[in-house]
Amino acid sequence: MNRPVDTAPELAPGLDLDLSWRNRFAELGDAFFTRLQPTPLPAPHWVGTSPAVADLLGLDRAWLASPAALDAFTGNLPIAGTQPLASVYSGHQFGHWAGQLGDGRAILLGEVDTPAGPQEVQLKGAGLTPYSRMGDGRAVLRSSIREFLCSEAMHALGIPTSRALCVTGSPAPVRREEIETAAVVTRVAPSFIRFGHFEHFSHNGLHGELRHLASFVIDRFYPACRAAPGNPYAALLEAVSARTAEMVAQWQAVGFCHGVMNTDNMSILGLTIDYGPFQFLDAFNPGHICNHSDSGGRYAYNRQPNIAYWNLFALGQALLPLMDDQQQALDALEPYKALMPAALQRHMNAKLGLERVEEGDAELTDTLMKLMAADAVDFTIFWRRLSEAADGAVDPVRDLFLQREAFDAWALRWRERLCAQPGFVAGATRDRMLRTNPRVVLRNHLGELAIQRAKAGDFSELARLQLALEHPFDDLPGQDDLAAFPPDWASQIEISCSS
Ligand code: AMP
Ligand code: MG
């Protein structure tokens, strides 16, 4: 295996993509990363590409289909203007301090200037780095397809997330529970900085670097924190908490379980990152655990809002050396406790077709959630049918429940609340709900079917699913199966960390 060396390699001229590369993370200094080149993979082939992300980066869609692009995004061909590096971070995993982690299989190429602001481009699965620990630096086809599809699905749902430009595959064997094959996902985000980056420098007593990193993040992403009264780093903590609250509220509202909410998987920008054993709920179960390795259920669906707070607390602790006292951090964290439920109620109200939040809405939502849990009602299908019912009969929704009378009582209250809205128009409300409650989400079994076909060399199912996920609210023809109830075997799928 080619171990990368810990010194800056010669910069090859590389392939010119005609992009404007900047590499501001690389300017942070040697304490933050190790420069290295990706380790090539043999005989690469395309698995999937996202034309929308190509557009975002200003990459020519036709060029993206070329052999040069295939090599470049597999890590086999250097790209001119990039300064590849792996960053170092630490973190808390499953509630315990895990020490140094870092980009063990992701390599940051640099950032591309786009009309939407600079976007960092990473190759995930591009080989060993000094932070690979016991890992092999690789990602397997299965998990790379899941990350690719889910990134684009979340974006289409309006949920803050990293994006994915493409996945390439290689016949190179990768050992997991069985032998699988390698793949590389090209991920894109304004920044991949994690809570764990701050924890790393704080824990190691490198307070100069900690301040440098925090200032970097404030200057680039949270400039208002400089002007805020009081300590700018406390203001940063509060701003990150607000973004995290919004992200997690959206996860809850769409029934998304992240699965590995370790502090090293928490984005400082409040983006969903590091897709691993994630799952969209099928039957509603508030205590659902999607990560097969999470035996204690630390990251169960209904614990995500509290875990996010726990992680923000860890970030606050990491930032303490930059604050005057502990109270500043506690004060900065306090608003999360109200923001999170308020954001969630706002999203639940939108799902219910209710434009404003009023007293009693929390109870209305709560009653519904209890009924759905008791009858294990399919989360996505319920909301879709309820949307249709805003302008029609409630029977198809009622059919989802066993406790029909209890549902009828709830539906009556919902209908009254709905119709009492000033200027209520049933058809417009229905349309709005259909733009809020997706028809197609990346259910585990849908990903699994696309993966099985891709493993056999057929990427058409992946492309079909990708298209549906890019338009999750639309009734696309020929895609009824993607919006249907999951098959029985769906509940048997087991997915765990780091594959
Ligand atoms: P995760 O929770 O999957 O985001 O990964 C936790 C840590 O393990 C991160 O530092 C990853 O870079 C690292 N890691 C996971 N899988 C591998 C792998 N196959 N090779 C090297 N490092 C890995
Ligand atoms: Mg991670």
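Just so you know, in segment 75-88 the residues that are part of a strand (DSSP E or B) and in contact with a helix residue (DSSP H, G or I) (Cβ under 7 Å, 6 or more places away or on another chain) include one that is nearest to ligand 1 (Cβ to nearest atom), and it is Ser87.
For the condition in a loop (DSSP other than H, G, I, E, B), of a type in the set (A, V, I, L, M) and under 24 Å from Leu462 (Cβ atoms), Ala126 qualifies.
Per-residue answers, yes or no, for (1) open to solvent by 50 Å² or more (accessible area, probe 1.4 Å); (2) at pLDDT below 90; (3) part of a helix (DSSP H, G or I); (4) more than 24 Å from Val174 (Cβ to Cβ):
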position: Arg3; (1), (2), (3), (4): yes, yes, no, no
position: Ala8; (1), (2), (3), (4): yes, yes, no, yes
position: Leu11; (1), (2), (3), (4): yes, yes, no, yes
position: Ala31; (1), (2), (3), (4): no, no, yes, yes
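Within segment 396-433, the set of residues being open to solvent by 20 Å² or more (accessible area, probe 1.4 Å) and under 29 Å from the mean Cα position of the chain (by Cα) comprises Arg430, Asp431, Arg432.
Only one of the listed residues (Glu147, Glu120, Glu111) is in contact with a strand residue (DSSP E or B) (Cβ under 9 Å, 6 or more places away or on another chain), closer than 16 Å to Ser267 by Cα, open to solvent by less than 10 Å² (accessible area, probe 1.4 Å) and more than 15 Å from ligand 1 (Cβ to nearest atom). That residue is Glu120. In segment 89-115, the residue that is nearest to ligand 2 (Cβ to nearest atom) out of those that are farther than 22 Å from Glu147 by Cα and in a loop (DSSP other than H, G, I, E, B) is Gly95. So which residues in segment 166-175 are within 15 Å of ligand 1 (Cβ to nearest atom) and open to solvent by 60 Å² or more (accessible area, probe 1.4 Å), if there are any at all? If the condition is that a residue be within 15 Å of ligand 1 (Cβ to nearest atom) and open to solvent by 60 Å² or more (accessible area, probe 1.4 Å), then Pro173, Arg175 are the ones that fit. Checking Thr186 against (1) within 24 Å of Ser151 (Cβ to Cβ); (2) open to solvent by 10 Å² or more (accessible area, probe 1.4 Å), which single condition isn't satisfied? Here Thr186 meets the rest and fails (2).
Of the helices (runs of 4 or more DSSP H) that lie entirely inside segment 291-369, those containing 2 or more residues that are of a type in the set (A, V, I, L, M) and free of Cβ contacts under 8 Å to residues at least 40 places away in the same chain span 336-352. On the stretch given as segment 34-53, residues that are assigned to a loop (DSSP other than H, G, I, E, B), of a type in the set (Gly, Ala, Ser) and open to solvent by less than 20 Å² (accessible area, probe 1.4 Å) total 1. Working only within segment 375-395, note down all residues that are open to solvent by less than 60 Å² (accessible area, probe 1.4 Å) and not β-branched (Val, Ile, Thr). Those that are open to solvent by less than 60 Å² (accessible area, probe 1.4 Å) and not β-branched (Val, Ile, Thr): Asp375, Ala376, Asp378, Phe379, Phe382, Trp383, Arg384, Leu386, Ser387, Ala389, Ala390, Gly392. Looking at segment 199-257, which of its residues are assigned to a loop (DSSP other than H, G, I, E, B) and among the hydroxyl-bearing types (Ser, Thr, Tyr)? Of everything in segment 199-257, just one residue is assigned to a loop (DSSP other than H, G, I, E, B) and among the hydroxyl-bearing types (Ser, Thr, Tyr), namely Tyr222. Look at (1) in a helix (DSSP H, G or I); (2) modelled with pLDDT under 95; (3) not basic (Lys, Arg) and you find that Leu56 fails only one, number (2). Residue check: is Ile273 closer than 23 Å to Arg146 by Cα, surrounded by 18 or more Cβ atoms within 10 Å (Cβ to Cβ) and more than 16 Å from the chain's Cα centre (by Cα)? The answer is no for Ile273. The single condition among (1) within 16 Å of ligand 1 (Cβ to nearest atom); (2) farther than 23 Å from Pro341 by Cβ; (3) open to solvent by less than 10 Å² (accessible area, probe 1.4 Å) that Ser267 does not meet is (2).
Scanning segment 59-76 for residues that are buried (at least 18 other Cβ atoms within 10 Å of the Cβ) and either modelled with pLDDT under 95 or not assigned by TED's automatic domain parsing to the domain that holds Ala172 (or both) turns up just one, Leu64.
The values are calculated or read from the model by the stated rules, or taken from the named source; none is laboratory data. Because the structure is predicted, anything quoted here is derived from the model rather than measured. Counting neighbours? That spans all protein chains shown, and the Cβs are built from the backbone with ideal geometry, glycine included. Heavy atoms of the whole protein, side chains included, go into the accessibility calculation; ligands, DNA and RNA do not. Shrake-Rupley method; radii C 1.70, N 1.55, O 1.52, S 1.80 Å.
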